[in-house]
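What follows is one structure encoded as structure tokens, with my remarks underneath.
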């Protein structure tokens, strides 16, 4: 049994179709903590102590966010800057997060095809996520492959529904520690692990 | 105990006041009537505890009137007078003149001569500042058209008392009964008339010069000793000294005290003087009203109850009629005009002062004076009843409807989720913000003028006391989600909170607070969303000050938000540890509160942005390098 914390960052959540569905499904998994950063910190005044104790209390952390300008919305960067303190999260004495798992759950406008060497964006998605991976490693956390919902600009409700069900199944599986660690580490993204349901 | 001993008398008067004033206040009659009632009770016709010595008491008590006029002088702020000159001089002046003429003209037809009629006219043109101001405040009407106009008229009447007191000696046709203001024992009585006149003008000039060039420096000197009671003594000395001087030269002590007050109105010690004299004035004036109450001649009333009743009713009709006419002339809207006119339709406490003076000066005979005192007291006593009748029977016909006039059927379904009580500066800012973001609110307001304007502009506005359940239901409180209490008056806010909690427990209440103390009260009433009206603005001033001192704007802003957050935490902490009843005076409470806040500030853990500060990281890197 792992405890899962979703750090959710979306500045215009009320207009987001996909993240609404994703969170709706995530909420159906019992025992998952959803921390809506833009809701709690409308002035970007992150309560560092609160965030730290949330991190300590969970095993698997998810940065859930839309992919803006090849990265996360500003709030998530603010969160990293302020919460991951030297001497606590990293540095010689910073071992508070050691061994915890962390990954990105994100949506992007561009489709899967755009993120490859010959594609529109020229690099694959893991290249864009290197800053997150390094951040996690510096904090002695294990960085897992992303859960990725690509091509949301053209996505219809049926597809959105499929992806969110997939998300729910993934969360349930992670919570129950179903997947062996080495299998997870060999993936390029979590979507490969859980079938995209067609029901 | 010897019934004429000082201690016994003091006991009787104080006990009567302590007993009856709170009761009268509770019944909504106001403290003046409470004192009168106390006087009647201990007077010769009910309990008979005090009899003849009441007149001696009166002499001391009249000193309360002198003090009151000193305070009125102190409060005369030239700027405010200038700003309100049109309504004070126009509305107030015409009210006094017209009422005097009409009442005086009627009085001539009784057995009174013209001098007496004029005096009666002037006396009865007064209204009761104490009653009107209190009821306006209680009903939250001070800022409305009716409240502002009433204030102007009452202010003019306060000032008009001075020339009336000066004029009265000229109207005497009977032998002066002596009393406190005896000409015969003044020093200058035997001098020729021109010397007397010269000395009188000289004394007035002396007060003005003394006030500016002697009293102010003297007060500064006394204030520097920081001995509170000596300052109080000086304040009393000023009033007593001037009263003595004026009596010696045969002028009215009240007039002198008033002048001294005006001279000192601009001094830096105005507030100290006010707060020092205030309790003396209050007590002595209370004593004055008790003495009046004790001197009411009940056999006289019983002899001819219809005459008294007739006089009171006629007087109310005349006074209200004059005010209605003038109000219309000065552009007060119909509903406000009725409230204004009938609020001021009684005769006021100044009439007692003037009546006593008129008796002493030999203007009115004792019978007439007693009759008029009874008329005045009754007219004051029935004011609450008159107002109730006006509210029940007249206002519904002429006034702004409480409830939005029926709309076409398709509009009725529109229910607003937000109700805003109070559309003053506070409420309208909230409302405008919501409206700018397409959220329509329903408004409740007490000012019929404002309500009419807002309705014309398409707002959904209900008119009336926002703590009333039926009005809240009409405004849709049962279907709404949020109510924002933005009204001015802290007492009324608490009442509203209680009423909403009881009748509409589902509503989120967002409530404005005047200051920390008010916030505590609201928090103790169970409020979670309390907004201190001076907090955010003051902190914004602080932010701009920091920025001007060279702090980076972003840092200054973050510091401000940290401060607000800590302050909120401390507010909650302090709200739970303090017990308001332990504090005897508001100022002591304020001082101790400041102490607690500052201590709490010092203990608060600073919120720092360690994540952005790489100092510890640099240290670690350097220490690793040296190894």
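Throughout, read-outs are computed from the coordinates displayed, never taken from laboratory work. Because the structure is predicted, anything quoted here is derived from the model rather than measured. Neighbour counts are summed over all protein chains in view; Cβ atoms, including those assigned to glycine, are modelled from backbone coordinates with ideal geometry.
On the beta carbon distance between residue B:220 and residue B:539, with R0 = 56 Å, the FRET formula returns roughly 0.95.
Does chain A come out rounded, prolate or oblate by the C-alpha gyration tensor, with a ≥ b ≥ c the root eigenvalues, rounded set by a/c under 1.5 and, if not, prolate when a/b is larger than b/c and oblate if not? Because its axes are fairly even, with a/c under 1.5, chain A counts as rounded. A full extension of the chain between residue B:75 and residue B:610 corresponds to an added length of 187.1 nm, given 0.36 nm per residue minus the alpha carbon distance. Residues A:47, B:488, A:182, ranked from the fewest to the most other C-beta atoms within 10 Å, line up as A:182, A:47, B:488.
Over segment B:267-321, the hull volume per residue, using the convex hull of the C-alpha atoms, is 107 Å³.
Mind giving me the FRET efficiency for residue A:158 and residue A:179? R0 is 22 Å, r the Cβ-Cβ distance, nearest 0.05 is fine. In this case the efficiency is close to 0.25. With no solvent and one equal point scatterer per Cα, compute the Debye intensity ratio I(q)/I(0) for chain B at 0.09, 0.11 Å⁻¹ and report its log10, rounded to two decimals. Treating every Cα as an identical point scatterer, log10 I(q)/I(0) equals -0.90, -1.23.
Taking each DSSP H run with n ≥ 4 as -39500 (n - 2.57) and averaging over every residue of the protein assembly as shown yields -18500 deg cm²/dmol at 222 nm.
In this rough spin-label picture, where each label sits 7 Å from Cα along the Cβ direction, the residue A:40-residue B:244 distance is 7.4 nm.
If you bin all the Cα-Cα distances of segment B:509-583 at 10 Å, starting from zero, the percentages per bin are 18, 42, 26, 12, 1.
Within segment B:81-179, the proportion of C-alpha pairs whose separation exceeds 20 Å stands at 47%. Here the alpha carbons of the protein assembly as shown define both size measures, Rg and Dmax, at 38.1, 123 Å. Over all Cα atoms in segment B:210-297, the spread is summed up by Rg and Dmax: 14.7, 51 Å. Counting every other Cβ atom within 10 Å of each residue's Cβ, A:68, B:463, A:143 order from fewest to most as A:68, A:143, B:463. In nm, give the distance between the simple-model label positions of residue B:397 and residue B:367, each being 7 Å from the Cα along the Cα-to-Cβ direction. Computed distance between label sites residue B:397 and residue B:367 equals 4.0 nm.
Taking label points 7 Å from Cα along the Cα-to-Cβ direction, residue B:619 and residue B:470 give a separation of 7.2 nm. Classify segment A:112-199: rounded, prolate or oblate, from the alpha-carbon gyration tensor (a ≥ b ≥ c, eigenvalue square roots; a/c under 1.5 rounded; otherwise prolate if a/b is larger than b/c)? Taking the square roots of the gyration eigenvalues as a ≥ b ≥ c, segment A:112-199 is oblate. Distance between the C-alpha centres of segment B:334-396 and segment B:132-165: 14 Å, rounded to the whole angstrom.
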